[in-house]
Amino acid sequence: LSHSLALEDAVAWWSASLNFLIEYQVDLNLVEQRFLEYATIRAGAKALFEQAEKQNIPIVILSAGIRQVIEVWAKAFHVKPAIIIATRLTTNTQNQVTGWDAATLVHNLNKHQVDHPELARLREERPYTILVGDSLGDAAMAEGYDTVVRILMHDPRPDETKHAQATKDRALKDFDHIIETGTFEPVRSEERRVGKECRSR
């Protein structure tokens, strides 16, 4: 919450958390079942995916979460991200977690295009980007100022409300827009605007 986590601490914390999944042989079948009981999708997100697909605009999900869980979420809500960049778990034939791919580790401090070659290649082909994040560090996910529109989804959790105004004040320095309603509708409008500008160039 104080945004003071050191890189080595981030790696250690995420690694330790992932190792718990191995130690307790977490069953991804049960994870999927329980996850789908609680999973939600933000208002306007599905429409945004559909609009992007129609206009051949790739949507990338760059997350410090688990790739297999994100894939379950995408399938459940019938959305099709072009690329999912997140930590991939390895499993046995019973779908129990046996490990995780260190090369795919994503944590809060490496959510940046230069750390992920697949994303860097896409940025070379498609330099104009609408970046949507839900934390201050997400502003750095894509490089550039003239080619990137940065939007912060600012809907703090109960444990973050104490810092909500400070976060918002800092966000105004790094983001172009702040959405406090939790809906992707403003992003769809921005996508249409940026799309027209890119085509005109």
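Below is a table of values for the structure above.
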{"quantity": "Per residue, in Å², the accessible surface of the chain once ligands and nucleic acids are set aside, probe 1.4 Å", "calculated": "61 Å²"}
{"quantity": "For residue 99, residues with placed amide H under 5 Å, excluding near neighbours", "calculated": "90"}
{"quantity": "Whole-percent carbon and sulfur share, accessible surface of region 1-117, 1.4 Å", "calculated": "55 percent"}
{"quantity": "Cross-link table 54/75; 46/168; 111/168; 75/168; 111/173, entries beyond 22 Å C-alpha to C-alpha", "calculated": "46/168; 75/168"}
{"quantity": "Beta bridges per DSSP with both ends in the chain, % antiparallel, nearest 5", "calculated": "25 percent"}
{"quantity": "Karplus-derived 3J(HN,Hα), 6.51/-1.76/1.60, for each residue of region 88-104, Hz, glycine and proline x", "calculated": "9, 8, 10, 9, 8, 5, 8, 6, 8, 5, 10, x, 8, 7, 4, 5, 9"}
{"quantity": "Highest to lowest packing among 6-14, 111-119, scored as the average C-beta count within 10 Å", "calculated": "111-119, 6-14"}
{"quantity": "Ranking by accessible area, most exposed first, for 123, 34 with a 1.4 Å probe", "calculated": "34, 123"}
{"quantity": "Computed helical MRE - 222 nm, the chain, DSSP H runs ≥ 4 contributing -39500 (n - 2.57), nearest 500", "calculated": "-13000 deg cm²/dmol"}
{"quantity": "Residue-by-residue Karplus 3J(HN,Hα) for region 41-56, coefficients 6.51, -1.76, 1.60, Hz, glycine and proline x", "calculated": "9, 5, 4, x, 5, 4, 5, 5, 4, 5, 5, 5, 4, 5, 9, 6"}
{"quantity": "Gaussian network model of the chain, springs between alpha carbon atoms under 10 Å - residue of 188, 150, 121 with greatest fluctuation", "calculated": "121"}
{"quantity": "Distant-in-sequence amide H partners of residue 144 (H built 1.01 Å from N, under 5 Å)", "calculated": "none"}
{"quantity": "Tilt relative to the chain, helix 28-38 - C-alpha long axis, 0 to 90 degrees, to 10", "calculated": "50 degrees"}
{"quantity": "For residue 184, distant residues with modelled amide H under 5 Å away", "calculated": "43, 44, 45"}
{"quantity": "For peptides 59-71, 17-29, sequence by mean Cβ density within 10 Å, most packed first", "calculated": "59-71, 17-29"}
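The values are calculated or read from the model by the stated rules, or taken from the named source; none is laboratory data. Remember, predicted model here, so these are calculated numbers, not experimental data. Backbone-built Cβ (ideal geometry, glycine too); neighbour counts: all protein chains shown. The area values use the complete protein model at the heavy-atom level, side chains included, leaving out ligands, DNA and RNA. Shrake-Rupley method; radii C 1.70, N 1.55, O 1.52, S 1.80 Å.
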